[in-house]
1. Just checking, which of 175, 219, 203, 247 is over 28 Å from the mean Cα position of the chain (by Cα) and of a type outside the set (Asp, Glu)?
2. Of everything in region 289-305, what is in contact (Cβ under 8 Å) with a residue 12 or more places away in the chain and either open to solvent by 20 Å² or more (accessible area, probe 1.4 Å) or farther than 14 Å from residue 329 by Cα (or both)? Give them in sequence order.
3. Out of all the residues in region 114-126, which are at pLDDT 95 or above and either surrounded by fewer than 18 Cβ atoms within 10 Å (Cβ to Cβ) or part of a loop (DSSP other than H, G, I, E, B) (or both)?
4. Filter region 360-376 down to the residues that are farther than 27 Å from residue 553 by Cβ and in contact with a Phe, Trp or Tyr (Cβ under 8 Å, 6 or more places away or on another chain) and list them by number.
5. From the residues in region 127-158 that are open to solvent by 40 Å² or more (accessible area, probe 1.4 Å) and not in a loop (DSSP other than H, G, I, E, B), which one is farthest from residue 182 (Cα to Cα)?
6. Determine whether region 310-317 contains at least one residue that is more than 21 Å from the chain's Cα centre (by Cα), modelled with pLDDT of 95 or more and outside any loop (DSSP other than H, G, I, E, B).
7. For the subset of region 333-357 comprising residues that are free of Cβ contacts under 8 Å to residues at least 40 places away in the same chain and open to solvent by 40 Å² or more (accessible area, probe 1.4 Å), which member is nearest to residue 302 (Cα to Cα)?
8. Quick one: how many residues across region 163-183 are out of contact with any strand residue (DSSP E or B) (no Cβ under 7 Å at 6 or more places or on another chain), among the hydroxyl-bearing types (Ser, Thr, Tyr) and surrounded by 23 or more Cβ atoms within 10 Å (Cβ to Cβ)?
Amino acid sequence: MTHDHDLVLRPTDAQTTAALNPPAGRNGGDLVVETLAGLGATTVFGLPGQHALGMFDALRRSDLRYVGLRVENNAGFAADAYGRITGEAAPLLLSTGPGALTSLAALQEAAAASAPVLAVSSQVPTAGLGGGRHGYLHELPDQAASFRGVVKSVHTVRTQSQIPSAIAAAWKSALTAPHGPVWVEIPQDVLLAPTALPGVTALDATPEELVPRPELTALAAHLLSRAERPAVIAGGGVVRADAAGKLRALAERLDAPVVTTFGGKGAFPWTHPLSLQSWLEDRHTTDFLEDADVLLVVGSGLGELSSNYHTFAPRGRVVQIEADLGKLESNHPALGIHADARLALQALLETVEERTDPTAPERVRDVLGRVAARIGAQELTLEQEVLASVRRALPAGAPSFWDMTILAYWAWSAFDAHAPNLMHSAQGAGGLGYGFPAALGAAAADPTRPVLAVSGDGGALYSVAELATARQYGLDVTWLIVDDGGYGILRGYMTDAFGQATATELTRPDYVALAESFGVPGVRTTPDTLEEDLAAALATPGPSVVVLPAVLRMFAPTHLG
């Protein structure tokens, strides 16, 4: 009789020979890169530092492609986008102390957006671990403590034999729903020391599936089948789970209108008769969702941006499918189903009864008409035309990455992403500087299509050093910089709140000349020529910069008063 615990993988003769005769000249860093390659990684991002040189030396002996950025936070943003585009854990190699800490804002965005990033950092030598003050360069009393409140899991390595298992555990953590960033740190001396360990093979870090409980999906199907006015809010969890097809099938079976959150852009077809699009910052949409007698929320925690700044107060029964346990019922009482969106939607498709509501498309058209009338009454033609020009210039299937800037805030509500996983922004954590370095990561993930980055001039100054990265690696990213002379959205907020703005005006470079100094072609455009200039830049391989001097305004909020 054979028991499961008796089943072991027996080495082949070739594996035994390789184990007994490992290649010479390897160090602890080789164990890192061998483990990453064994787990399926092909590309790593990062920035070298003195304590991490063992890892970077090992890259020379590996087949991994290295994309080096100029600032650790930007490297984190690039890894974030690579993870979003590919669904793979994106390795991010960092050095101790200042290098590690500089990545924190990017890792916070990855955590908020559930992007799988595997950060591997060096640490002070092993003798310095444990909080003693030995005076090592870059020393922190507890480096890992800085990351525990940001990432999904933290793994500290103390010996070379721990490296493969620690990285494999982190990889599994990053890719288990909900996806997210993870942290591995390895002391300098462990990375530099020669190793006699054999090359790393036969790794298994298969993520666990988050399966819904059947009694919960049965009750949810019962509620939805018998609802009079069902509606759906589709969040980023639908996109990450590759569940857009299942969402559409369920909505059509129920005749249920669907609104997508800003993180869920593209999860439901923009022009579908049941599509409420993404107008979540609008009272007409909020009222419609509040009137639903059964509201299905898939892959969203109904946070600030997804609830019209917490003014949304559902009157009907809420069914919430969410992979992040901490977000389940965190804002509204619900039938909470802790599960991956794809698996839960499949369970509902298998059990829900078909219902017909011929009034649903008409009610959707009515809401969208009210939204359009509200926006149309605010004299915002320039903003709408600029956004429409961007949409027409961007080829179908090309991804876009948006910084925290006024045009992006318009895009959250008004931009047709065309398909899932094509529009991304930093609205998870809301930090500046995301758009351009993230677009570089996406271009590294898929060099067959152009990528658009959109920034304001304030956010652009966070990332301008990465023009060197774009040029060095020939990454096909067109960077649209909307130059309004400062932090435009903050200027508006402060003027509305205090009557005048403070600390929002910026001295800027000539962005076209600056781009050209990096060997990147640049062009200054106007609202009238934007579509033509942007389309030309996107059609030309390699990096480019398009600068649009324009002062844009936001549409009036509906959550105040």
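1. Working: 175 fails: over 28 Å from the mean Cα position of the chain (by Cα); 203 fails: over 28 Å from the mean Cα position of the chain (by Cα); 247 fails: over 28 Å from the mean Cα position of the chain (by Cα).
Unique residue meeting the criteria: 219.
2. Applying the first criterion (in contact (Cβ under 8 Å) with a residue 12 or more places away in the chain) to region 289-305 yields 289-303, 305.
Within region 289-305, 289, 290, 291, 292, 293, 294, 303, 305 meet the criteria.
3. Across region 114-126, the qualifying residues are 114, 115, 116.
4. Hit for region 360-376 is 363, nothing else.
5. Here the answer is 127.
6. Yes: region 310-317 contains one or more residues that are more than 21 Å from the chain's Cα centre (by Cα), modelled with pLDDT of 95 or more and outside any loop (DSSP other than H, G, I, E, B).
7. Looking at residues that are free of Cβ contacts under 8 Å to residues at least 40 places away in the same chain and open to solvent by 40 Å² or more (accessible area, probe 1.4 Å), I get 333.
8. Looking only at region 163-183, we keep the residues that are out of contact with any strand residue (DSSP E or B) (no Cβ under 7 Å at 6 or more places or on another chain), and these are 164-165, 168, 172, 175-180.
Keeping just the survivors that are among the hydroxyl-bearing types (Ser, Thr, Tyr) gives 165, 176.
Keeping just the survivors that are surrounded by 23 or more Cβ atoms within 10 Å (Cβ to Cβ) gives none.
Residues meeting the conditions: 0.
The values are calculated or read from the model by the stated rules, or taken from the named source; none is laboratory data. Not measured: the values here are computed from a predicted model. So basically every Cβ, Gly included, is an ideal-geometry build from the backbone, and we count neighbours across all protein chains shown. We work out accessible area using only protein heavy atoms, side chains counted, and drop any ligands, DNA or RNA first. Shrake-Rupley method; radii C 1.70, N 1.55, O 1.52, S 1.80 Å.
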